[in-house]
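Structure record follows, encoded as structure tokens.
The values are calculated or read from the model by the stated rules, or taken from the named source; none is laboratory data. The structure displayed is predicted, hence computed values, not measured ones. Backbone-built Cβ (ideal geometry, glycine too); neighbour counts: all protein chains shown. Heads up: the accessible areas ignore ligands, DNA and RNA and are worked out on the full protein's heavy atoms, side chains in. Shrake-Rupley method; radii C 1.70, N 1.55, O 1.52, S 1.80 Å.
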Protein chains: 2
Amino acid sequence: MRETEKHESLFSAIADIQRRKILNILKKGELSVADIKSHFDLSGATLSHHLNILKNAELVRVRRQGQQRIYTLNLSVVEELMLIFNQLFSRI
Amino acid sequence: MRETEKHESLFSAIADIQRRKILNILKKGELSVADIKSHFDLSGATLSHHLNILKNAELVRVRRQGQQRIYTLNLSVVEELMLIFNQLFSRI
DNA sequence: CATTTATTTAGATTATCATCTAATTATCTA
DNA sequence: TAGATAATTAGATGATAATCTAAATAAATG
């Protein structure tokens, strides 16, 4: 399997513990930024930064709902990441 | 599952593309540093640095053989990492 | 035992990244 | 429409991390 820029963005997205925590929280279901924020001791700007990285890696999706933005896990990319990951260590 | 320092070292170990490449190369079998080096355009010092990070994360093992050091994948930790990884996205 | 070979360690440099505060954008509501 | 609320963006700062060259360590060999 070739390493692509997409792989790069996925691996660096999950390299940060706060972002892994966000992914974990989103497993339970979609949440607004404020809801996500309630689990962290981070400024809104920092959280926004992390969400942006997850979004660029397509690990999450966003939609607008009034003033809020609702984040969800992007299951298809999560599955893709699991595949990439399994292949990194396959045939050993 | 709780995130531990061990998880942290594993995720940051695989965050770097050179280190993922090293792991990939080691899938085929154990290799000396010089053998690994032949796959890269990096100084020996830099390679040594990456190998050290992989070793600290216990993703690889080293043994001495004369002047050489032979690196191998540490299969049990690789499996542990796969488990951690699968759990990050389980129950979605 | 002096020299060569294999690898690591030390120390410096540069780039990347997480974080913050302040400012901005967008939406809602009285 | 003015003010409040939700979230992002801009810009700065400090911490990490990747990389290099040079020096050090350790083993092999003539």
Give me the Debye-computed log₁₀ of I(q)/I(0) at q = 0.11 Å⁻¹ for the protein assembly as shown, equal point scatterers on Cα only, no solvent, two decimals.
-> -0.53
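First compute the accessible area of chain A with a 1.4 Å probe, then give the percent of it belonging to carbon and sulfur atoms.
47
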Could you please report the charge total around residue A:61, scoring K, R as +1 and D, E as -1 over all other residues with beta-carbon less than 11 angstrom from its beta-carbon?
-> +1
Rounded to whole Å², per residue accessible area for the protein assembly as shown with a 1.4 Å probe reads 56
Once amide H atoms are placed 1.01 Å from N in the peptide plane, what residues at a sequence separation of 5 or more from residue B:60, or on another chain, have their amide H within under 5 Å of its amide H?
-> B:55, B:74
In nm, to one decimal, how far is the residue B:39 label point from the residue A:28 one, both placed 7 Å along Cα→Cβ?
-> 4.1
Count neighbours as other Cβ atoms within 10 Å of each site's Cβ, and list the trypsin sites (Lys or Arg not before Pro) in chain B that are DSSP loop with at most 10 such neighbours.
-> B:2, B:28, B:91
In deg cm²/dmol, rounded to the nearest 500, the helical mean residue ellipticity at 222 nm of chain A, built from -39500 (n - 2.57) for every DSSP H run of length 4 or more, is -17000 deg cm²/dmol
Degrees between helix A:44-56 axis and first principal axis of chain A (Cα, 0 to 90, nearest 10) = 40
Where B meets A: accessible area buried, both sides, 1.4 Å probe, Å² | 2400
Would you kindly work out, in nm and rounded to one decimal, the distances from the label point of residue A:34 to those of the same position in each other copy, ordered shortest first, with label points 7 Å along Cα-to-Cβ?
-> 6.5
Just which residue of chain B brings its Cβ nearest the axis of rotation onto chain A, and by how many angstrom, rounded whole?
-> B:15, 2
Length gained, residue B:72-residue B:3, 0.36 nm per residue minus C-alpha separation, equals 22.2 nm
Nm distances between the label at residue B:17 and the same-position labels in the remaining copies, 7 Å along Cα→Cβ, shortest first?
-> 2.7
All-pairs Cα distance distribution in chain A, expressed in whole percent, bin size 10 Å | 16, 49, 25, 8, 1, 0
What FRET efficiency, computed as 1/(1 + (r/R0)^6) with R0 = 25 Å and r the Cβ-Cβ distance, is obtained for residue A:82 and residue B:56, rounded to the nearest 0.05?
-> 0.50
Copy-to-copy spacing for residue B:69, label 7 Å out on the Cα-to-C-beta vector, in nm, shortest first?
-> 4.4
Averaged over A:78-90, how many beta carbons belonging to a partner chain fall within 10 Å of each residue's beta carbon?
-> 4
